[in-house]
Amino acid sequence: MGWLDNVLDWAADKVQTVTGEKERRENVAKVKETYETYRWQVETNIDSVNSSITELNNSITELNAFRADDVPRNLISLGSFLNEFGNVKEIGEYAEEETACYLEIPTHRFISIEDYISDIDWSQVDVFVDSFILGPIGMKMKTQKQNLSIQEKLNALKIESEQTLFELQNLKLSAEQDIEIANLYIYCVKGIIHYIETVIIPELDVVEGFFQALAIKNKVIAEEALANIPFKNRLSIIQDTAYQDHYHFVRNAFLFYVVACKIYNTPVLTNLFMGNTSEEDYIEITQEKNALEEQMQVVGRYVIFQRGGI
């Protein structure tokens, strides 16, 4: 078959010179090169975005475990204390934060491009047969038309590549922004629950003890028997008195209870990530974090025994 291959090579070379087949093959090579680069860049960028999504999902999983265990345990304890001072709402039903979806390789799009390349990548036999059937002029017209079509496809593929990579880079930035927001929110959530557990609940013991001592003192002053004493935690009787620090502390404890309930029954991150997060979202949560720390300092001024904060 060697002589036939030589004949085909000679014939194809002559046809290429006359019909522009050489230019066509160069264009096909450019399409192949552009596609290979495009595919590699897409797969690399998707891997990078998915790596960030994995980090984000790990944080969300950690948050869900904390919200499902530590939050209700402290909420129940805090709620039982606050019930002694007033009515508190139910903590509500637990709502889990949803993890982010991973990006998928656009396999169907790649197959479509590869099918197109297969269609335009004529073999020497194809060129020889078409030249024999169409003749030099007919083959030249067909090749020129094909060259124009390939050039259009090549330009379109380059534009698609640029747009896709731009979108993937934005998704990467968005995922990294979401990680920062999630970690900041987790910091706030853990800070609030830690403060409830280590400061508010122990201090409520002190406040309740104060009301018991106050009831005993009143009995002593009234020279009544110290038996079967009804203990009533009525905040209103110490408002605007020397004991008003207890009043302000309990009122602020109710606010922390409300916030903790929202942490438990509201998927804050899920709701936030349903849209496109931005630098403004991060700034807003940072401001809320600062406000939280300021609120803790305010509450700390009303405690009898100083304890650890956030």
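The values are calculated or read from the model by the stated rules, or taken from the named source; none is laboratory data. The structure displayed is predicted, hence computed values, not measured ones. Note: ideal-geometry Cβ built from the backbone for every residue, glycine included; neighbour counts use all protein chains shown. Accessible surface areas use protein heavy atoms only, side chains included; no ligands, DNA or RNA. Shrake-Rupley method; radii C 1.70, N 1.55, O 1.52, S 1.80 Å.
Structural remarks
Yes or no, residue by residue, for (1) over 31 Å from the mean Cα position of the chain (by Cα); (2) at pLDDT below 90; (3) not charged (D, E, K, R):
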residue	(1), (2), (3)
T19	yes, yes, yes
T34	yes, no, yes
G86	yes, yes, yes
E97	no, no, no
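- Of the candidates I105, I91, the single residue that is surrounded by 15 or more Cβ atoms within 10 Å (Cβ to Cβ), touching a residue at least 24 places away in the same chain (Cβ under 8 Å) and assigned to a loop (DSSP other than H, G, I, E, B) is I91.
- From the options N83, N57, residue that is open to solvent by 30 Å² or more (accessible area, probe 1.4 Å) and within 26 Å of K262 (Cα to Cα): N83
- Long-range neighbours under 6 Å by Cβ, at least six apart or interchain, first residue under 23 Å from N74 (Cβ atoms) and open to solvent by 30 Å² or more (accessible area, probe 1.4 Å) within region 204-215, second modelled with pLDDT under 70 and of a type in the set (A, V, I, L, M, F, W, C): V206/I304
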